[in-house]
């Protein structure tokens, strides 16, 4: 079973794909279902907040999210990234799974809490999910 299917089965995550309306390519995100809409809408909202959100998502080495020129390439890239994880990381309460949940929760809470245009501020995603 490929790692995307493992995450979907063991974590009960969903796989979402969409075409970027600003010509970046095809987005592919594997995430808990409750975060999909925020992730998707933040990458296509336009303006300064979209740039900040997109930068955060694409700079994160933790999150299972990619943008590629085609759906096939996006699937290959995501499978390749997830294949580097140990099998136990695919379990629902693994350190990796909990960190991904925390990172998506942080991202979505900041997106939802940003009410002023251009006011979205996100920390450097390379610092990890447990820093603010």
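The values are calculated or read from the model by the stated rules, or taken from the named source; none is laboratory data. On a predicted model such as this, the values are computed, not experimentally measured, just so you know. Here the Cβ positions follow ideal geometry from the backbone for every residue, glycine too, while neighbour counts run over all protein chains shown.
Out of the residues in segment 10-27 meeting the condition of being touching a residue at least 60 places away in the same chain (Cβ under 8 Å) and part of a loop (DSSP other than H, G, I, E, B), tell me which one is nearest to residue 90 (Cα to Cα). Outline the logic, then answer.
Looking only at segment 10-27, we keep the residues that are touching a residue at least 60 places away in the same chain (Cβ under 8 Å), and these are 10-12.
Applying the additional criterion that residues be part of a loop (DSSP other than H, G, I, E, B) yields 11-12.
Numbers: 11: 7, 12: 11 Å.
So, considering only residues that are touching a residue at least 60 places away in the same chain (Cβ under 8 Å) and part of a loop (DSSP other than H, G, I, E, B), the one nearest to residue 90 (Cα to Cα) is 11.
Filter segment 21-34 for residues that are more than 9 Å from the chain's Cα centre (by Cα) and modelled with pLDDT of 80 or more and give the result.
25, 26, 27, 32, 33, 34
Just to be sure, is residue 82 surrounded by 14 or more Cβ atoms within 10 Å (Cβ to Cβ), assigned to a loop (DSSP other than H, G, I, E, B) and touching a helix residue (DSSP H, G or I) at 6+ places or on another chain (Cβ under 8 Å)?
Details: surrounded by 14 or more Cβ atoms within 10 Å (Cβ to Cβ): yes; assigned to a loop (DSSP other than H, G, I, E, B): no; touching a helix residue (DSSP H, G or I) at 6+ places or on another chain (Cβ under 8 Å): yes.
No; evaluated as a whole, the condition is false for this residue.
If we keep just the residues of segment 43-69 that are exposed (fewer than 14 other Cβ atoms within 10 Å of the Cβ) and in contact with a helix residue (DSSP H, G or I) (Cβ under 9 Å, 6 or more places away or on another chain), which is farthest from residue 19 (Cα to Cα)?
Filtering first and then ranking leaves 61.
What number of residues in segment 93-122 are surrounded by 13 or more Cβ atoms within 10 Å (Cβ to Cβ) and either assigned to a loop (DSSP other than H, G, I, E, B) or at pLDDT below 60 (or both)?
4
In a helix (DSSP H, G or I) and within 20 Å of residue 4 (Cβ to Cβ): which single residue out of 75, 62 fits that description?
So the residue among 75, 62 that is in a helix (DSSP H, G or I) and within 20 Å of residue 4 (Cβ to Cβ) is 75.
Residues being touching a strand residue (DSSP E or B) at 6+ places or on another chain (Cβ under 6 Å), under 22 Å from residue 84 (Cα atoms) and part of a helix (DSSP H, G or I): count how many of those fall in segment 28-59.
Of the residues in segment 28-59, 1 are touching a strand residue (DSSP E or B) at 6+ places or on another chain (Cβ under 6 Å), under 22 Å from residue 84 (Cα atoms) and part of a helix (DSSP H, G or I).
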